[in-house]
Amino acid sequence: MAKGKIFAEITVGDGRLVIMREDFINDNIRALAESYAEVRHSLSFFGKFPMKDGEDMDAWALRVQEELDESNKKREDESQADYIKRVFHKTNSDRQLFVRDMLKGVAKVFNQEGKITDEGFQKANYLDCKEFLINLFKSCDYSLPELE
């Protein structure tokens, strides 16, 4: 790690992500914006259900609606409690997935890939993770509307 002043750091499970002040160069700031766009796209309907070749918007919307309806149906072997947990967890977890994936993206931008793992994120303080991202992006004059 380069010698200098630490701007921000966070412990995520067994990993520790450290951002140094001197790493705030334009290339990294642009890379953060690109990482944000990639994560946002991956969690969007277009990312989850990409359009097929030759498919128009109306056909795509119909197909996506059918897939969503099918994925939200109660399975035959599923209890009512498990069904409710599955459906509600899926809709409420988007922000948590966004935070996890953004932390991974930040680690990649600052050459610290592997420090953020799914297992580590499960052990991490979610509020600290969220605050870390908000502060980091604000310092780059970006905002994260998904976390507001």
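General remarks:
- Computed packing ranks the peptides 112-120, 96-104 as 96-104, 112-120, most packed first, by mean other Cβ atoms within 10 Å.
- FRET efficiency, 1/(1 + (r/R0)^6) with R0 35 Å, evaluated for F45 and E113 via beta carbons: 0.80
- Expressed as a whole percent, the accessible surface of the stretch 92-148 that belongs to carbon and sulfur atoms is 44, based on a 1.4 Å probe.
- Length added when fully stretched, K123-R21, from 0.36 nm per residue minus Cα-Cα: 34.0 nm
- Computed magnitude of the charge dipole of the chain (debye, nearest 20; Cβ of K, R +1, Cβ of D, E -1): 660 debye
- Length gained on full extension, M57 to E131, computed as 0.36 nm times the residue gap minus the Cα-Cα distance: 22.9 nm.
- Every helix of 4 or more DSSP H residues in the chain counts as -39500 (n - 2.57), and over all residues that averages to -18000 deg cm²/dmol at 222 nm.
- Average accessible area per residue (Å²) across the stretch 1-93 - probe 1.4 Å, nucleic acids and ligands excluded: 73 Å²
- The simple Förster model, with R0 at 35 Å and r as the Cβ-Cβ distance, assigns Y83 and A8 a FRET efficiency of 0.30.
- The stretch 1-70, Cα convex hull volume normalised per residue, Å³: 153 Å³
- Helix 57-71 axis, angle to the chain major axis (alpha carbon atoms, nearest 10°): 80 degrees
- Lys pairs under 14 Å by Cα in the chain, provided they are eight or more residues apart or on distinct chains: 9
- Mean projected area in nm² (Cα convex hull; one quarter of hull surface) for the chain: 11.6 nm²
- Residues whose placed amide H lies under 5 Å from that of V12, excluding near-sequence neighbours: L17
- Only one residue of L62, S44, G13 has its Cα farthest out toward the positive end of the dipole of the stretch 8-108, where Lys and Arg carry +1 and Asp and Glu -1 on Cβ, and that residue is G13.
- Helix 80-92 axis versus longest C-alpha principal axis of the chain: approximately 50°, rounded to the nearest ten.
- Cα-based helix-to-principal-axis angle, 94-109 vs the chain, degrees rounded to 10: 40 degrees
- The slack between E66 and E146, meaning 0.36 nm per residue of separation minus the straight C-alpha distance, is 26.2 nm.
The values are calculated or read from the model by the stated rules, or taken from the named source; none is laboratory data. These figures come from a predicted structure and were not determined experimentally. Here Cβ is always computed from backbone atoms with ideal geometry, including for glycine, and neighbour counts include all displayed protein chains. Keep in mind that these areas ignore ligands, DNA and RNA; they rest on the heavy atoms of the full protein, side chains included. Shrake-Rupley method; radii C 1.70, N 1.55, O 1.52, S 1.80 Å.
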